[in-house]
1. Rounded to the nearest 500, what is chain B's calculated 222 nm mean residue ellipticity when only DSSP H runs of at least 4 contribute -39500 (n - 2.57) each, over all residues?
2. Using only alpha-carbon positions, what ratio does the radius of gyration of the stretch A:124-230 give when scaled by 2.2 N^0.38 Å?
3. Towards the positive end of the charge dipole of chain B, with charges on Cβ (+1 Lys, Arg; -1 Asp, Glu), say which of B:Ser211, B:Tyr380, B:Leu76 has the farthest Cα.
4. Quote the relative contact order of chain B in percent (integer), defining contacts as alpha-carbon pairs under 8 Å separated by 6+ residues.
5. Treating the beta-carbon of each Lys and Arg as +1 and of each Asp and Glu as -1, no other charges, what is the dipole magnitude of the protein assembly as shown about its Cα centre, to the nearest 20 debye?
6. Pull out a ≥ b ≥ c, the square roots of the eigenvalues of the alpha-carbon gyration tensor of chain C, then state rounded if a/c is under 1.5, prolate if not and a/b is larger than b/c, and oblate in the remaining case.
7. Pop the C-beta distance of B:Gln472 and B:Ala405 into the FRET formula with R0 = 25 Å and round what comes out to the nearest 0.05.
8. Treating each Cα of the stretch B:310-439 as an identical point scatterer and ignoring solvent, apply the Debye formula and state log10 I(q)/I(0) at q = 0.10, 0.12, 0.20, 0.22 Å⁻¹.
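A short reminder: the numbers here are calculations on the coordinates, not readings from a lab. Computed from a predicted structure; not experimentally measured. Cβ: placed from backbone, ideal geometry, glycine included. Neighbour counts: every protein chain shown.
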Amino acid sequence: MRIALFITCVNDLAFPATGIAVTRILRRLGHTVDFPADQTCCGQMHANTGYRAEAMPMVRNYVDVFDSYDAIVAPSGSCTAMIRDQYPHLHPPATSVAARTYELSELLVDVLGVTDVGAEFRETVTYHPTCHGLRMLRLGDRPLTLLRQVRGIKLVELGDAEECCGFGGTFALKNPDVSTAMLTDKCARVRDTGARVLAAADNSCLAHIGGGLDRHRSGVRAVHYAEILAETGATS
Amino acid sequence: MSRPVAPATGSGRIRTPLPFPTAAKPAVADTQLRANLHRATRTIRAKRARVVDEVPDWEALRDAGAAIKADVQRRLPELLEQFEASATAAGATVHWARDAAEACRIVVALTQAAGADEVVKVKSMATQEIELNEALEAAGIAAYETDLAELIVQLGDDTPSHILVPAIHYNRAQIREIFQRRMADAPADLSDEPAALAEAARAHLRRRFLSARVAVSGANFAVADTGTLVVVESEGNGRMCLTLPETLISVVGVEKLLPTFTDLEVFLQLLPRSSTGERMNPYTSMWTGVTPGDGPQDVHVVLVDNGRSAVLADPVGRPALSCIRCSACLNVCPVYERAGGHAYGSVYPGPIGAILSPQLTGVADNASLPYASTLCGACYDVCPVKINIPEILVHLRQQAPHPPAERAAMRVLSWVMRSPRRWAAALRLARVGAGPLGAYRERRTGARTLRRLPWPASAWTRSRDLPLPAPQTFREWWGKQ
Amino acid sequence: MVGEAVSARDEILARLRTALADSPPPVQVPRGYRRVDDRPDLIATLVDRLEDYKAVVHHGIDALPRLLSEVGRLAVPTDVPADWLAGYAGELHRDSPPLSPAALDDLDAVLTGCAVVVADTGTIILDAGPAQGRRALTLVPDRHICVVRTDQVVGLLPEALTRLDPRAPLTWISGPSATSDIELNRVEGVHGPRRLEVVLIDSGA
């Protein structure tokens, strides 16, 4: 199976550790991963902010870059949802590649049939199901299923877990007061858990929640769950 | 047939006087309001979840509800004509109103023709939308709201902030205070127990019900094949208004139609459970024209367009007309919970308001509302008629007028991102450019983040640190392997 | 046919027809929901639902005399079955000629039958048919005593609709008057009858 990594624009620039983690997990499981260098961005921010015309070149570029792969994995619930839910409507030739695009936990659990990726991580972790993963991709408990198999991990439940963190892409900038109020409540629920690590499937939401947790010097680290799955206890 | 006539937008209380973010700002800062909304929305969410979970065929009911409403929209002109014929045959008089002002004129004229200088009102979104109370008052007619929450709002000189519970923004202590200040016959020792407050409202309105000559209502459903109107309520104020006065005037949006009486079997299961979180609301009244010797003998229906034709004209936005005003989307919305209903500036707040109001007025007149959502999708999950609210929000954002600076930035970014070569160069430039700053911040604070930036980035850094580009981009890491 | 001569009716219908210029395709309504209840004991479900809404349930016609003995002034529809009133010693007000709202407000209770009852939701439906009278009768008095025969009980709401004539004025009652308008907590007792009592009688017996 030819697997390609769609890193996403935000991860490429600010969260390369997530992409490195995905690469390590898949290689550890014996798969070859490609990183087509011509990839850019899925166009979600443009499309969801009202600039669909400006998103279209990115949509077409995605099809050009990834159409030849059997499976494309993206470590982002919201980018995967953009591709799977919106691409077929925006650009019908994208229908097939959209259906072959998976969020990491879907690839691991559904396509590769793996729940134990051989990870070890000795920390108390709480998991926030991000909205697009939860309600658009219907990831269900796939990410948690993977995390539960990690040796040494202590998973604690997040209160009001299914409630949005208040990021919402440009919402965070256009509606800063409401966004901040939602963030404050989410950070409080995270701190209630006593966890030292907050995991989720989207680095953009994590930048928002993590940025809020850092602002209050909570000592909770926000990481993409791929980075936990990549840990083997050998390094950190 | 008639020549093409363009669909028209509506008027009334459906426009935001202030952009949503501006209107939300004081609401978010009001800790009492936040606490009231937090408690109320969480109470109703839990109740709804319990009674929905016990229905094994809930998804089948939703599918049927969505399909019936789509069918109504597709056949709206013929169903309206059918409703008019059935209701007229049963003794009702059907009126048509192009917009809010015309609807108000009709109700005022009917009230005057009945020789009344006051009306009792059943809670109705349509009459709030057309600002009927103000029109009646201008004509010297007193309008008395009889739903408890509407009464609270009216006595408090306020406007509704929720579709189902217009006074959701008040807690019991605030309601007692309003009653003591504005309800002349409130007991001196009125407590803030909900039962005592309800008792005070009962006593206050009793005589008015028994002597009222004209009532004004809305309708939850209007059945085309029989001419039947349906009002779903809890307190009995609806039954009082629909039964005791001689004249009954019902103001009904054209989208409220159902094709057949049998279709009620779907909607009377979906609505109460989605709305008050009950298996069935205490009272539902159905009437078809006039019944000799029973109830009002002078029955009128005012069918109102007021922008609904404009909503119907947009095939993507059209399902907003499926809304049955249950409020489930408001109750689960994290944005509504923080901002409250008044921030939406329209009688239709929350997620449904964010798609309905801009469509009723034209998006340019309510341009901030499609952005009053994180697109989290909780509204779509609970909608009993499966309106894909996030999809319509994104659709309306395409039509919204964009700020010039934002448009310029988005175009530049699109120009960069559409080209793999330019994007790779931009990534390198951003990484290199931010390198010294990132290294400096990391040395000083241990993290490659920024804490304070000037406008417009301050919208982010006011409440969260901003991550800087990593020391190497992912593609640089990949290239080095 | 232009200008001021166009009625609101014709203009609205024309606008709507224009709005549908895209000719949406026909819709097949999927009716996969339950239309018949397969629960074995509908009466137990009904009692559970009624009590959940703070209605008081009595069993058997024999419960009526004791109930009515507490009622000083009782309103009844003109066609109330005579055996329901057996032994009633209080002031009886038949709705003929029709009692005024003020007169009804002075009475202590009303006694009626009903048309159909939905067990699943605990809903009593009145259709102004036999032993029910007009709508005001069951609205103004503060206590409603309603006799329900077991053969009037159906399981689900769709079953009830098939038994109703849409042209009749219909009142669906699920528990006593209530409101959730204060902090979204339900409290019983606002404008409608604050006490709802149901007397279940076995029609097979």
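1. Result for chain B, helices only: -15000 deg cm²/dmol.
2. 1.00
3. Selected residue: B:Tyr380.
4. Reported relative contact order: 22 percent.
5. 4440
6. Prolate, because a/c is 1.5 or more and a/b exceeds b/c.
7. The calculated FRET efficiency here is 0.20.
8. Per q value, in the given order, log10 I(q)/I(0) is -0.44, -0.58, -1.03, -1.19.
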